[in-house]
1. Name the residues whose placed amide hydrogens come within less than 5 Å of the amide hydrogen of I82, ignoring near sequence neighbours (fewer than 5 apart) on the same chain.
2. Using alpha-carbon positions, what is the distance between the centroids of segment 14-93 and segment 252-321, in Å?
3. Explain nothing, just the number: dipole magnitude of segment 267-321 about its Cα centre with +1 on each Lys and Arg Cβ and -1 on each Asp and Glu Cβ, in debye rounded to the nearest 20.
4. I'd like the trypsin sites (Lys or Arg not before Pro) in segment 1-75 restricted to DSSP loop residues with at most 12 other Cβ atoms within 10 Å, sorted by number.
5. What share of all Cα pairs of segment 34-129, in percent, falls into each consecutive 5 Å distance bin?
6. I'd like the trypsin sites (Lys or Arg not before Pro) in segment 142-193 restricted to DSSP loop residues with at most 15 other Cβ atoms within 10 Å, sorted by number.
7. Compute, for segment 1-98, the length of the dipole vector about the Cα centre, with Cβ point charges of +1 (Lys, Arg) and -1 (Asp, Glu) only. Units Debye, rounded to 20.
8. Hey, what's segment 4-54 come to in accessible area per residue, 1.4 Å probe, Å²?
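The values are calculated or read from the model by the stated rules, or taken from the named source; none is laboratory data. Model, not experiment: these values are computed from the prediction. Ideal geometry is used to build each Cβ from the backbone, glycine not excepted, and the neighbour counts take in all protein chains shown. Calculation scope for accessible area: heavy atoms of the full protein, side chains included, ligands and nucleic acids excluded. Shrake-Rupley method; radii C 1.70, N 1.55, O 1.52, S 1.80 Å.
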Amino acid sequence: MTSVYVTVKSKKFSNDICLCVNRSGFAKVTGTFASFKDCKKRLSDSRPDILMFALDLTDGYWAEFCEEMRDKYPAVKILAVINYNEYHLFKNGLNALTSGYISKDALPSVFILALRSVLKGDFFMYDKLATPLNNSESNIELLLNNIQEIARSFDNEDNNRLAADKMTRLIELAEEYRLERIIKLLKEYKDNPEAEDSYDYLKIALRYLLLRNENNWSIANILDLHVDVVRFYRFDHIVNVRGESSMVVNIDEKENPILLNRREHQILQLLAAGFSYKEIAYDFLFVEFETVNSICDQMRRKFKARSVIDMIIKALRIGLIKLEDIDSLRPARTDNEE
């Protein structure tokens, strides 16, 4: 397992890097420091394979630190973590004194790519404009390498917890790898939409992304689908999983899921048709007025609506209730009144 030291001032950013590295399957953060001084003290006792550090540490000058590390510990690879505007200011120094540099805003997959590059002896240069952050081929290769490394790491001497952790990570990576392959397959099916198994693979990808808690717009973007297709499948999936008594809709820009049961949906339609709480309770549902009042209060909270009218407008806007459904209810009321 590749050992990595992380020396950055921000505790949150340090935790983010640790999470990213430790999930990679091939590297582990074995030391975190908030200053050059603390890092040097630890290095006198043990050395990592890769040392990551930020340029904004205040207890020393980064170039002097790099020169000292290079002289004392030439086998240690040094990866600088920079703000993007520092790239232009210190490019020459970074090229001369480090094994590579990467921007703080890089994607986790690019951080792992940087670690792999410097570990092999390559110089990693991060260019926000040129680095293919979303290159599907490189992502598939990276996932496959991680899967193979974890698979090779299994040992009879592993205790139960370590074996379980390895298997959990292996399954997670395998699911991501399957998704990447299915996405490529679906792109091929664009030219042959009648392919017999295309819908089966589409359902697998959609189900996995839903379980990963991706929102509708994100899923549509990943799979290159119209968002209405995703909305339809989300509803279909929830019905299959939870039964026909439930449905899921998304009502805001963050695509937060809102769960409505059939009774709530029925009341919503009746409210939109103009019936009062009392009419809904006594003429349609044959329940107490307080029951309908309580259900409506609960629905308003789900929709984050200020009033019943606000709730109905939101429901109409997303297509949860339709004008033709409301119109079909209105004649019954008119006949009763006459």
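1. Amide H to amide H, under 5 Å and 5 or more residues apart or across chains, I82 pairs with I102, S103, K104.
2. The two parts, judged by their Cα centres, are 56 Å apart.
3. Dipole magnitude for segment 267-321 comes out near 460 debye.
4. none
5. 2, 13, 26, 26, 20, 10, 2, 0
6. Qualifying residues, ordered by number: K190.
7. Dipole magnitude for segment 1-98 comes out near 300 debye.
8. 47 Å²
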